[in-house]
Amino acid sequence: MAVATVDTQIIGGIAAKFRTCPATGLKIDLAAQRLIKANAVAAIVFLAVGGLLGLLVALTRWQTIHLLPADLFYLALTAHGLIVLLVWIMFFEVAVLYFASAVLLSCRLATPRLGWVAYALMLIGAILATVAVLQGDSSVMFTSYVPMKAMPNFYLGIILFAVGVLIPCFMFLGTLVIAKDEKTYEGSIPLVTFGALTATIIAIFTIASGAIILLPTWLWSLGYISHIDTVMYKLVWWAMGHGSQQVNVAVHVAIWYAIIAILLGAKPLSEKVSRFAFLLYILFLQLAAAHHMLVEPGLSEEWQIFNTSYAMYLAVLASLIHGFTVTGATEAAQRINGYTRGAFEWLRRAPWSNPAFSGMFMSLVLFGVLGGITGVVLGTEQLNVMLHNTIYVPGHFHGTVVAGTTLAFMAVTYLLLPLIFQKQVVWPKLARIQPYLFGIGAAGISLFMMGAGTLGVPRRHWDITFADAVMSFNFPAAAHLMLGLNGLFAILASIGGALFVLVTVATVLWGTPVTADNVVESLGPMPEKQMTDAVSSYGSAGTWHLPGTYILVAVFFVSFVLYYFVNWKYLSQIWPLS
Ligand code: HEM
Ligand SMILES: [Cu+2]
């Protein structure tokens with residue numbers, strides 16, 4: 001049987017070549033497909049490099065090993081943050097934008113040639129910035145706070161990269177317009193596309209903020225501007241820095257919905273509520289960025305508390321809604337698929353051996369429990385004073401961007417391989433364990449960095465034994481234990497990450513082609529059911545009978561409240577009132 005039929009259609013005077021996906025029935029623009037492949041491959045290559053650097057950093061912070069010398073440690077730390085948080089994530093997100101627009105709407109991609117210009121800009125920018133860091137005079141950390149000064153190409157590289165990301169954002173919007181004009185979908189755009197739309201809107205804002213601060217900083221590093229205000233820098237930098245995290249969340253949440261729709265035929269419990277939750281991200285995220293400025297003397301306390309106590313919690317509310325809806329939608333779909341016994345048969349009999357599902361579900365739980373709860377703790381003015389600039393902070397965000405976003409991106413890759421690359425995953429047994437290794441590893445680094453941070457261990461610190469310092473300071477043995485455990489779990493996460501790279505690269509190169517005959521089985525083990533069009537259509541699940549979800553939600557909230565109060569108790573001990 002042929003791989004797929006290709007047909008050419010003239011839309012608005014422009015010819016585009018399409019193939020029809022044998023699994024989903026979606027019409028796929030081959031130009032979009034090529035761009036998705038190129039961006040996903042670039043993303044994974046950078047993940048491999050950036051992840052390795054993360055391992056080197058973790059093994060240096062493990063004091064018994066203390067792998068890198070000081071200068072290389074700060075260099076590796078800067079390169080790690082830059083390459084994984086910016087380059088890996090954004091390349092992947094651009095691929096998701098093309099997928100969520102052209103593919104899910106069965107539509108021609110707007111201006112595919114510009115997509116290649118964007119790709120070149122991103123690639124050149126990423127390489128320029130990375131080389132600047134590797135040359136050694138730009139170890140300014142990912143945040144690059146002034147007055148630390150990097151080489152001009154560090155800023156220029158990031159600026160070019162950002163312009164490269166902006167182009168696909170507008171292509172996404174253009175593709176929505178084409179789809180509407182051509183009536184390639186019925187009713188409202190699908191939820192996954194809607195989530196990607198909110199991500200796009202936030203991304204445009206984010207990139208604008210980045211330009212406002214990085215352009216002058218670039219000129220400053222070239223010597224054309226004499227002074228950049230430090231508080232101003234931080235404030236505007238975090239409009240970008242925090243905004244881009246909200247982009248990540250919007251995209252990985254959209255991916256959760258996509259995965260359960262494709263694998264289980266799951267529909268959201270309520271389309272309206274889920275869409276409203278995405279809107280909350282747009283409405284409240286910028287003020288919520290104030291949580292990065294909680295110890296800033298240049299800003300009033302009223303401003304800090306208002307923005308974190310009101311605005312932030314409304315953005316958090318959005319994630320809570322999504323977390324519960326995705327769990328509930330999974331339960332609803334599984335019950336429809338016949339797993340109705342007790343409160344949890346739906347969960348026990350979920351396709352745990354399918355890496356797309358297991359990765360997605362772990363991403364959901366770990367993001368909520370490790371990233372979410374601790375984010376609220378850090379965002380509380382008083383508790384922040386206790387944890388600010390400790391290694392608790394990277395502990396928290398490895399819960400969000402590694403166990404949450406990165407794991408979700410890995411999970412969806414197992415669906416992109418058969419659907420877009422049209423290749424059957426090689427080594428399915430390795431693929432099956434990969435999300436578990438990476439997920440458990442990422443959970444470990446998140447937890448143990450937070451453990452060390454609670455004991456006061458600073459972040460971004462080469463040597464907490466202060467071996468060459470005049471005055472000594474001893475951290476408790478438990479702090480060293482935490483850093484050692486962090487190192488062990490970093491090794492585990494790295495093995496999981498390496499497996500992911502290995503399996504995807506080998507699949508792209510040597511995977512068996514996917515045809516109409518084997519496409520369903522290529523998507524991995526699924527509960528027995530027919531394929532649905534849930535991912536590309538509008539509609540709610542139509543049931544609220546979800547006993548398992550209610551129990552899980554209750555457990556989550558009790559843990560949340562307990563952990564929150566434990567931290568207040570801790571604060572009262574290290575900072576007595578009397
Ligand atoms: C094998 C996986 C990974 C390991 C072992 C790892 C480990 C670490 C460690 C030990 C630190 C330094 C903490 C400190 O000393 O302050 C760090 C920092 C960081 N990591 Fe990771 N990481 C991994 C993956 C990732 C991924 C996938 C992302 C993003 C998606 C990420 C984003 C960051 C960022 C932004 C920083 C902060 C850099 C800075 O302070 O400027 N990491 N990581
Ligand atoms: Cu933030």
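Please find, within segment 294-310, the residue that is nearest to ligand 1 (Cβ to nearest atom) out of those that are assigned to a helix (DSSP H, G or I) and buried (at least 20 other Cβ atoms within 10 Å of the Cβ). Outline the logic, then answer.
In the first step, residues of segment 294-310 are kept if they are assigned to a helix (DSSP H, G or I); the result is 301-310.
Right, trim to buried (at least 20 other Cβ atoms within 10 Å of the Cβ) and you get 307-308.
Working: Asn307: 22, Thr308: 21 Å.
Residue satisfying both the conditions and the ranking: Thr308.
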Among the candidates Ala329, Ala333, Ala290, Ala315, single out the residue that is of a type in the set (Gly, Ala, Ser) and without any contact (Cβ under 8 Å) to a residue 60 or more places away in the chain. Ala290
Any idea which of (1) in contact (Cβ under 8 Å) with a residue 60 or more places away in the chain; (2) away from ligand 2 (no atom under 14 Å from the Cβ); (3) within 18 Å of Ile212 (Cα to Cα) is the one Leu279 doesn't satisfy? (3)
For Ser226, are the conditions met, namely being out of contact with any His (no Cβ under 8 Å at 6 or more places or on another chain), away from ligand 1 (no atom under 16 Å from the Cβ), closer than 24 Å to Ala132 by Cα and free of Cβ contacts under 8 Å to residues at least 12 places away in the same chain? yes
Would you confirm whether or not segment 357-370 contains a residue that is at pLDDT 95 or above and more than 16 Å from the chain's Cα centre (by Cα)? yes
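Can you spot a residue in segment 72-94 that is within 25 Å of Thr504 (Cα to Cα), among the aliphatic types (A, V, I, L, M) and more than 10 Å from ligand 1 (Cβ to nearest atom)? Before you say what the answer is, go through the steps one by one.
Initially, segment 72-94 is screened for residues within 25 Å of Thr504 (Cα to Cα), giving 79-94.
Filter once more, so that each one left must be among the aliphatic types (A, V, I, L, M): 79, 82-87, 89-90, 94.
Restricting the remaining residues to those that are more than 10 Å from ligand 1 (Cβ to nearest atom) gives 90, 94.
Yes, the conditions are met somewhere in segment 72-94.
Sort out which residues of segment 504-520 are assigned to a helix (DSSP H, G or I), in contact (Cβ under 8 Å) with a residue 24 or more places away in the chain and more than 16 Å from ligand 1 (Cβ to nearest atom), and write them in order of number.
Taking segment 504-520 first, the residues assigned to a helix (DSSP H, G or I) are 504-510, 519-520.
Subsequent filtering for residues that are in contact (Cβ under 8 Å) with a residue 24 or more places away in the chain retains 504-508, 510, 519-520.
Listed by number, the residues that qualify are Val505, Ala506, Thr507, Val508, Trp510, Val519, Val520.
I'd like the full set of residues that are outside any helix (DSSP H, G or I) and without any contact (Cβ under 8 Å) to a residue 24 or more places away in the chain, limited to segment 34-67. First the steps, then the outcome.
The first filter runs over segment 34-67 and keeps only residues outside any helix (DSSP H, G or I), leaving 62-67.
The one that is outside any helix (DSSP H, G or I) and without any contact (Cβ under 8 Å) to a residue 24 or more places away in the chain: Leu67.
Is it the case that Val393 is within 15 Å of the chain's Cα centre (by Cα), within 16 Å of ligand 2 (Cβ to nearest atom), in a helix (DSSP H, G or I) and at pLDDT 95 or above?
On the way: within 15 Å of the chain's Cα centre (by Cα): no; within 16 Å of ligand 2 (Cβ to nearest atom): yes; in a helix (DSSP H, G or I): yes; at pLDDT 95 or above: yes.
It is false that Val393 is within 15 Å of the chain's Cα centre (by Cα), within 16 Å of ligand 2 (Cβ to nearest atom), in a helix (DSSP H, G or I) and at pLDDT 95 or above.
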Exactly one condition in (1) in contact (Cβ under 8 Å) with a residue 12 or more places away in the chain; (2) surrounded by 15 or more Cβ atoms within 10 Å (Cβ to Cβ); (3) β-branched (Val, Ile, Thr) is not met by Val385; state its number. (2)
Return the residues of segment 539-577 that are hydroxyl-bearing (Ser, Thr, Tyr) and part of a loop (DSSP other than H, G, I, E, B); say none if nothing qualifies. Ser540, Thr543
Restricting attention to segment 405-414, does a residue exist that is within 14 Å of ligand 2 (Cβ to nearest atom), closer than 23 Å to Phe448 by Cα, of a type outside the set (Gly, Ala, Ser) and more than 13 Å from the chain's Cα centre (by Cα)? no
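Do we have Ala490 as in a loop (DSSP other than H, G, I, E, B) and either within 16 Å of ligand 2 (Cβ to nearest atom) or among the hydrophobic types (A, V, I, L, M, F, W, C) (or both) here? Steps first, answer last, please.
Details: in a loop (DSSP other than H, G, I, E, B): no; either within 16 Å of ligand 2 (Cβ to nearest atom) or among the hydrophobic types (A, V, I, L, M, F, W, C) (or both): yes.
No.
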It is to be established whether one or more residues within segment 241-248 are in contact with a helix residue (DSSP H, G or I) (Cβ under 7 Å, 6 or more places away or on another chain), within 16 Å of ligand 2 (Cβ to nearest atom), of a type in the set (Ser, Thr, Tyr) and closer than 23 Å to Phe92 by Cβ. yes
I'd like to know if segment 475-482 contains one or more residues that are farther than 25 Å from Gly375 by Cα, part of a helix (DSSP H, G or I) and among the aliphatic types (A, V, I, L, M). yes
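Out of everything in segment 405-456 that is among the β-branched types (Val, Ile, Thr) and within 24 Å of Tyr98 (Cβ to Cβ), what residue ends up being surrounded by the most Cβ atoms within 10 Å (Cβ to Cβ)? Outline the logic, then answer.
Quick first cut of segment 405-456, residues among the β-branched types (Val, Ile, Thr) only: 405-406, 412-413, 420, 425-426, 433, 440, 445, 454.
Applying the additional criterion that residues be within 24 Å of Tyr98 (Cβ to Cβ) yields 405-406, 412-413, 420, 425.
Working: Thr405: 27, Thr406: 29, Val412: 27, Thr413: 26, Ile420: 22, Val425: 26.
Among them, the one singled out is Thr406.
The values are calculated or read from the model by the stated rules, or taken from the named source; none is laboratory data. It should be emphasised that the depicted structure is a prediction, and the values quoted were computed from it without experimental measurement. Glycine also receives a Cβ, built like all others from the backbone with ideal geometry; neighbour counts cover every protein chain displayed.
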